[in-house]
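Single-structure report; data block below.
The values are calculated or read from the model by the stated rules, or taken from the named source; none is laboratory data. In this text the structure is predicted, and so the values were computed from the model without any measurement. Note that each Cβ is placed from the backbone with ideal geometry, even for glycine, and that neighbours are counted across all protein chains shown.
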Amino acid sequence: MLSRKLRRRAAIAAASCTGILALSAATLWELDRAYPPPLPAELTVSTEVQDRDGELLRAFATPDGYWRLETRLDQVDKQFVDMLVTYEDKRFWDHEGVDVLALARAAGQFATSGHIVSGGSTLSMQLARLIEPRESRSLGSKIKQMLRAIQIERRLSKREILERYLTLAPYGGNLEGVRAASLAYFGKEPKRLTVSESALLVALPQLPEKRRPDRNLKIAHAARDRVLTRMVSSGLLGEREAARAALDDVSGLRRTLPALAAHAAYAVLPKAIPGQPLQLTIRKSVQEGLEQVARDAATKLGPRLSVAMVLADSRTGDILGEVGSANFFDASRSGWIDMTKIVRSPGSTLKPFIYGLAFEQGLVAQETLIDDSPVDFSGYRPKNFDMGYQGDVSIRQALQLSLNVPAIRVLDAVGPTRLMARFRQAGVSPILPVNEAPGLAIGLGGVGVTLRDLVQLYTGLANGGKTHTLHDGTEPANAERTSATILDGQANWQIIDILSGVKPPEGALQRGIAYKTGTSYGYRDAWSVGFDGRYVLGVWVGRPDAGAVPGLSGYVSAAPILFEGFVRSGLATVPLPGKPPGLFSPRREDLPVTLARFGAGSDGLVQATVSEPAPTIIFPPDGARVDLGTNSVDASPLVLKLQGGRAPFRWLANGKPLIGIDRRRTATWQPDGAGYSTLTVIDAAGRAASVKVFVE
């Protein structure tokens, strides 16, 4: 027989089962009208920043410090939902808030055992407790919870009740809702949970702190196994499936929630509307890859250096990935500064547009020769990066080698003002020194631009000459989005063809991209901007405080990051465009006289200019007898030396050219045998010098 104490417990439990039923419909209606449940139209949830496809980039905690992500049923694995309902409330779809059978069973178990064996709370009752936490576990609190559950059922659909429960259920610490829990414990959204993961998430809300896997791994493991056993007994899982799931490890790691695109996320945060996610044009997979590349690169580059990157779709202007710094929270690198928007000197990265205008105006062809030697433009004396000079080079070589003097010669012909006007037409307004008009120095970085500016300009090169205003979703809703022509189609292709021939940095694979590097004055900024037939990626490396970094250069420091960024972005390479129909690309020997050599005269016509003295062979002297031991096996070569002339030089021995063309003023010649020989050198201007020697 039951003791008096147990009989009393049974009576209390029975009262809790029948108390609601004893109320008349009229009484329930009056209570419902007088004391409506605290059901806000929108829950207070974490602000989410999503990518272009709705994937979570970053979330911000609620004002009370919880990670609470709004959850819809279509965001959760269906098997998890089935397991939850089976475990917590198997008649959920049939009752109206209170499951009398479950309450009766729980009351009977409590009365006979003296302790709680199983709960009788429905999911609706649990939701009532979540939105209105009870102060005690008294009978009155239980009855109030049941009343609230009935009220909730009258106001919300079953689907809405489930979604609110899945958003508010506690999962340990400051994690609320199944999405936050799945991201924290498994590193993924709950759309494709395994059986083992689903079982753990079903078990956690009953005792979230006690069963937290990051705090109490063994208890969490045992709770998961109990859920699996219940699923077998209920027929939802087969024994083998449950056994396999039980073999899976339970991770004791709590991960941080996604925290991508920090600068863009904080920039768009003021636009947040409660309950509505914010969306950027960024693609999550691209952003993840670029951020990893930036972190790895910054580690190799050393302290205080940062990396910024922008990857855009040239056909739309959408920014698919942007990294403002190597690490947003790294104070040593001033990580909070978004270096994609900071004005810096672009170095040589504007040179392609200088040559593009020259192609448009018919001033040059790719094989047009141009002089790379010291020059004075009314006091402005540009020098090459390595302080050396190449002599005569083709336009193609001048751009690929990023020679400064030829670029300024061309800019002087096309006009700095015209170049700046073309930039403004494309939606980019470079910053000039105060009260200064555009001058030749802008061709070598004497102007201020941002990384986003550069990428926007280069979208024109990747898109047949037409640029698009870049956007990432942080702009005001009424922000103007424009497109403009930066170069005509034929000139644009000439630049693409030249830049696609630039040698990749050491260790990088050619990916079918065209690219340009740049280094600002004083080694403060290193740049690399590259593109394929659709996507443009820009890279900046330097110190946010604009400090000098000895050895910093675009080719060495930024170009490897560019190539790695394209690889890690995961985007398939789009082929560069082919030559436009009807485009004339003559060989050097086929050039008309006006394009053979570049030089702008006062009349604006292109004319040849020769300022260096003619070449002279200084060794061997004319008429010399030279003993090279031609009759021995180890005959020595003859060293040839010259002065004057314009590089490059071609040497001939007895009318036969020596291998290759050389820019140096020394060469070597291995005679075939003893006797008289005539040695000749021809410079780039076609001038020649000869000597006759006798070789022994």
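Values computed for the structure shown
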{"read-out": "Filter pass, ALA426 being within 30 Å of ARG588 (Cβ to Cβ) and crowded, with 22+ Cβ neighbours inside 10 Å", "value": "no"}
{"read-out": "Those residues of region 242-260 which are hydroxyl-bearing (Ser, Thr, Tyr) and either under 30 Å from MET309 (Cα atoms) or at pLDDT 95 or above (or both), in sequence order", "value": "THR256"}
{"read-out": "Residue that is nearest to VAL232 (Cα to Cα) [pool: residues in region 38-87 that are of a type in the set (Lys, Arg) and in contact with a helix residue (DSSP H, G or I) (Cβ under 8 Å, 6 or more places away or on another chain)]", "value": "ARG72"}
{"read-out": "Answer from SER373, SER325, SER332 - the residue that is at pLDDT 95 or above and either surrounded by fewer than 24 Cβ atoms within 10 Å (Cβ to Cβ) or under 30 Å from TYR535 (Cβ atoms) (or both)", "value": "SER325"}
{"read-out": "Elements of type helices (runs of 4 or more DSSP H) contained in region 170-274, each with 2 or more residues being surrounded by fewer than 18 Cβ atoms within 10 Å (Cβ to Cβ) and not charged (D, E, K, R)", "value": "217-234, 239-247"}
{"read-out": "Residue check, VAL410 in a helix (DSSP H, G or I), farther than 24 Å from VAL536 by Cβ and touching a helix residue (DSSP H, G or I) at 6+ places or on another chain (Cβ under 9 Å)", "value": "no"}
{"read-out": "Flag for THR517 being modelled with pLDDT of 95 or more, in contact with a Gly (Cβ under 6 Å, 6 or more places away or on another chain) and surrounded by fewer than 22 Cβ atoms within 10 Å (Cβ to Cβ)", "value": "no"}
{"read-out": "Subset of region 393-421 (residues that are surrounded by 22 or more Cβ atoms within 10 Å (Cβ to Cβ) and charged (D, E, K, R))", "value": "ARG409"}
{"read-out": "Pick from region 366-390, criterion of a type in the set (D, E, K, R) and without any contact (Cβ under 8 Å) to a residue 12 or more places away in the chain, ranking: nearest to LEU591 (Cα to Cα)", "value": "ASP376"}
{"read-out": "One residue from ALA59, ALA11 being among the small types (Gly, Ala, Ser) and either at pLDDT below 95 or in a helix (DSSP H, G or I) (or both)", "value": "ALA11"}
{"read-out": "Some residue of region 348-363 being at pLDDT 95 or above and farther than 20 Å from ALA514 by Cβ", "value": "no"}
{"read-out": "ASP386, sole failed condition from (1) surrounded by fewer than 19 Cβ atoms within 10 Å (Cβ to Cβ); (2) at pLDDT 95 or above", "value": "(2)"}
{"read-out": "Odd one out for LEU432, checked against (1) modelled with pLDDT of 95 or more; (2) on the phi < 0 side of the Ramachandran plot", "value": "(1)"}
{"read-out": "Extreme residue, farthest from PHE353 (Cα to Cα), among residues of region 467-518 that are assigned to a loop (DSSP other than H, G, I, E, B) and hydroxyl-bearing (Ser, Thr, Tyr)", "value": "THR474"}
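Matching residues to (1) among the aliphatic types (A, V, I, L, M); (2) more than 30 Å from the chain's Cα centre (by Cα); (3) at pLDDT 95 or above:
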site: ILE408; (1), (2), (3): yes, yes, yes
site: GLY439; (1), (2), (3): no, yes, no
site: THR469; (1), (2), (3): no, no, yes
site: ALA477; (1), (2), (3): yes, no, no
site: LEU499; (1), (2), (3): yes, no, yes
site: VAL502; (1), (2), (3): yes, no, yes
